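S.K.: Let me give you the structure first, and then I'll get to my questions.
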Amino acid sequence: MRKFIPILFFSMLVLTSCIEIVEEITVNSDQSGTISYSIKTDQFTSMFSNLSGLFDQNTLKEEMTKRFEEFAMKFKNNKGINNVKFIMGDNITDASLSFDFNNTKELNIAMYEIAGSKKTFFAPSYLKIGKHKLKKFNIAPYLKKRLVEQDINLPEELMSMIEFRTVYNLPGNIKSVKGKSVIMAEDRKSIVQKFEFMDVYENKINTGIKIRY
């Protein structure tokens, strides 16, 4: 397997009740924005302390840091992507990556390049932002294929513990939403979507969304 993912680390994560992969998209009035990615686990800190004597924490943290930094560097090398920040906290799941984008045309080109592909006219855009609307495409038909292409094999037990959560912050009041598993904030300026990883992996759910604001 080309990706370094320690079996012990997987075993530890499986023991947690929930692992969230969180994406937060904040849109500005000029159609630029910020995207951040982070990992959240609700029981990892105490469990990590209990098992810390079983392996070299520093080696594992260094390897994960290296992978995140490589990902951040790829973003930095793309036009229209600015203010790239990578943070690794005290615990190995306290990692976050964030960046600003000038517009979604340049963002989509960057997303494809980072995935080892090229954005063409016929390739779907990951994210589109207009003057009063946002559209994100359905990743479910592509997730499994992409993981196979990158030779990433996740244990089914682990996948059953993972959830995707996306937060959309808009510059104006939301008028309408089309999408699954949508929760709107009381101020009508943000929306949360949440999906089980296995449902997305097996292409059982449409993760796409259309928002008018």
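S.K.: Given 153, 103, 108, 83, which one is under 18 Å from the mean Cα position of the chain (by Cα) and open to solvent by less than 60 Å² (accessible area, probe 1.4 Å)?
M.R.: 108
Matching residues to (1) exposed (fewer than 13 other Cβ atoms within 10 Å of the Cβ); (2) modelled with pLDDT of 90 or more; (3) among the hydrophobic types (A, V, I, L, M, F, W, C):
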{"residue": "52", "(1), (2), (3)": "yes, no, no"}
{"residue": "70", "(1), (2), (3)": "yes, no, no"}
{"residue": "93", "(1), (2), (3)": "no, no, no"}
{"residue": "98", "(1), (2), (3)": "no, yes, no"}
{"residue": "121", "(1), (2), (3)": "yes, no, yes"}
{"residue": "130", "(1), (2), (3)": "yes, yes, no"}
{"residue": "136", "(1), (2), (3)": "no, yes, no"}
{"residue": "139", "(1), (2), (3)": "no, yes, yes"}
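S.K.: May I pose another question? Which ones in the range 180-213 are free of Cβ contacts under 8 Å to residues at least 40 places away in the same chain, closer than 18 Å to residue 26 by Cα, open to solvent by 40 Å² or more (accessible area, probe 1.4 Å) and over 15 Å from the mean Cα position of the chain (by Cα)?
M.R.: Listed by number, the residues that qualify are 182, 183, 184, 186, 187, 188, 189.
S.K.: Can you list residue pairs whose Cβ atoms sit under 9 Å apart, with the first residue in the range 158-178 being of a type in the set (Asp, Glu) and the second being part of a helix (DSSP H, G or I)? Count only pairs 6 or more apart in sequence or on different chains.
M.R.: As it stands, the answer is 163/197, since those pairs meet every condition given.
S.K.: Between a first residue in the range 118-136 that is of a type in the set (Val, Ile, Thr) and a second residue that is part of a loop (DSSP other than H, G, I, E, B) and open to solvent by less than 70 Å² (accessible area, probe 1.4 Å), which pairs have beta carbons less than 6 Å apart while being 6 or more apart in sequence or on different chains?
M.R.: Short answer, once both residue conditions are applied: 129/31.
S.K.: Among the residues of the range 162-213, which ones are in a loop (DSSP other than H, G, I, E, B) and of a type in the set (Val, Ile, Thr)?
M.R.: Within the range 162-213, 174, 205, 207 meet the criteria.
S.K.: Could I ask something else about it? Can you pull out every residue in the range 156-177 that is out of contact with any strand residue (DSSP E or B) (no Cβ under 7 Å at 6 or more places or on another chain) and either open to solvent by 30 Å² or more (accessible area, probe 1.4 Å) or farther than 24 Å from residue 38 by Cβ (or both)?
M.R.: 156, 157, 160, 172, 173
The values are calculated or read from the model by the stated rules, or taken from the named source; none is laboratory data. Computed from a prediction, not measured in an experiment: that's the story for all the values here. When we count neighbours, we look across all protein chains shown, and the Cβ atoms used for this are built from the backbone with ideal geometry, even at glycine. When the accessible area is computed, the model is the full protein with side chains, heavy atoms only, and any ligands, DNA or RNA have been set aside. Shrake-Rupley method; radii C 1.70, N 1.55, O 1.52, S 1.80 Å.
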